[in-house]
1. Considering all projection directions equally, how large on average is the shadow of the alpha-carbon convex hull of region 46-90, in square nanometres?
2. How much length is gained if the chain between Lys54 and Leu29 is pulled fully straight, taking 0.36 nm per residue apart and subtracting their Cα-Cα distance, in nm to one decimal?
3. Taking 7 Å along the Cα-to-C-beta vector as the label spot, tell me the Ile139-Thr94 distance in nanometres, rounded to one decimal.
4. For region 18-176, which semi-axes, largest first and in whole Å, follow from the square roots of 5 times the eigenvalues of its Cα gyration tensor?
5. Given +1 on the Cβ of Lys and Arg, -1 on the Cβ of Asp and Glu, and no further charges, what dipole in debye does region 24-176 carry about its Cα centre, rounded to the nearest 20?
6. At 0.36 nm per residue, minus the direct Cα-Cα distance, what do Glu152 and Arg18 gain on full extension? Give it in nm, one decimal, please.
7. If you count, for each residue, the other Cβ atoms within 10 Å and average over each peptide, how do 67-77, 22-32, 117-127 line up from highest to lowest?
Amino acid sequence: MKANVHPDLLPKGGSASRDVLILGIGNILWADEGFGVRAVEAFNARYKLPEKTKVADGGTLGMYLLELIGSTKDLLLFDCADLQEKPGTLKLLTNDEVKFWSATKISPHQTGMNEVLALAELQGHAPERIAVVAIQPEILQDYGGSLTPACESALVRAVEIAKDVLTGWGYEVVRR
């Protein structure tokens with residue numbers, strides 16, 4: 001059974017064209033929903049990576065991220081998640097925890113991300129390793145609101161968790 005996806009959304013070639021993608025997802029217009037985007041911005045401001053890496057704001061692009069994700073060996077995401085913890089709690093999700101995260105919806109963009117990861121896997125283009133630096137949001141429904149203090153104060157720690165994951169994967173992460 002072949003997926004009915006526009007050809008421009010499909011990964012090009014049969015192998016990863018980049019080693020690692022650091023991707024922040026979420027909507028900066030909805031308070032803590034924008035944590036992933038703010039975290040990837042903070043990561044990029046603090047660290048640089050070797051060639052064949054990409055740091056990107058995935059926003060709420062959903063299926064439009066398929067080619068980017070499908071052409072990546074390792075994927076590190078920043079996002080908010082319902083961790084059943086107090087607001088501002090960070091957790092590193094790996095292996096089966098990533099599947100739980102992608103299947104648990106607390107915002108509209110997560111449906112798109114679940115579909116992207118599932119389709120990349122079906123096409124044989126799933127990243128070899130995926131990790132999610134996730135945070136428990138406090139407020140999602142505050143249009144035009146900034147990150148809450150609990151989530152904003154966790155940005156530095158989220159960036160350091162990401163650096164540790166990438167270093168553990170063997171990437172050279174250099175402070176700017």
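1. Details: hull surface 18.7 nm².
Averaged projected area of region 46-90's Cα convex hull equals 4.7 nm².
2. On the way: separation 25, 0.36 × 25 = 9.00 nm, distance 2.38 nm.
Roughly 6.6 nm would be gained on extension.
3. 3.5
4. Working: eigenvalues 97, 70, 37 Å².
That gives 22, 19, 14 Å for the three semi-axes.
5. Working: 15 positive and 21 negative charges, 97 e Å.
Dipole of region 24-176, to the nearest 20 debye: 460 debye.
6. Working: separation 134, 0.36 × 134 = 48.24 nm, distance 2.99 nm.
Between Glu152 and Arg18, full extension yields an extra 45.2 nm.
7. Numbers: 67-77: 22.5, 22-32: 24.1, 117-127: 17.3.
Final packing ranking: 22-32, 67-77, 117-127.
A short reminder: the numbers here are calculations on the coordinates, not readings from a lab. No experiment lies behind these values; they were computed from the predicted model shown. Don't worry about glycine lacking a Cβ; one is built from the backbone with ideal geometry, like all the others, and counts go over all protein chains shown.
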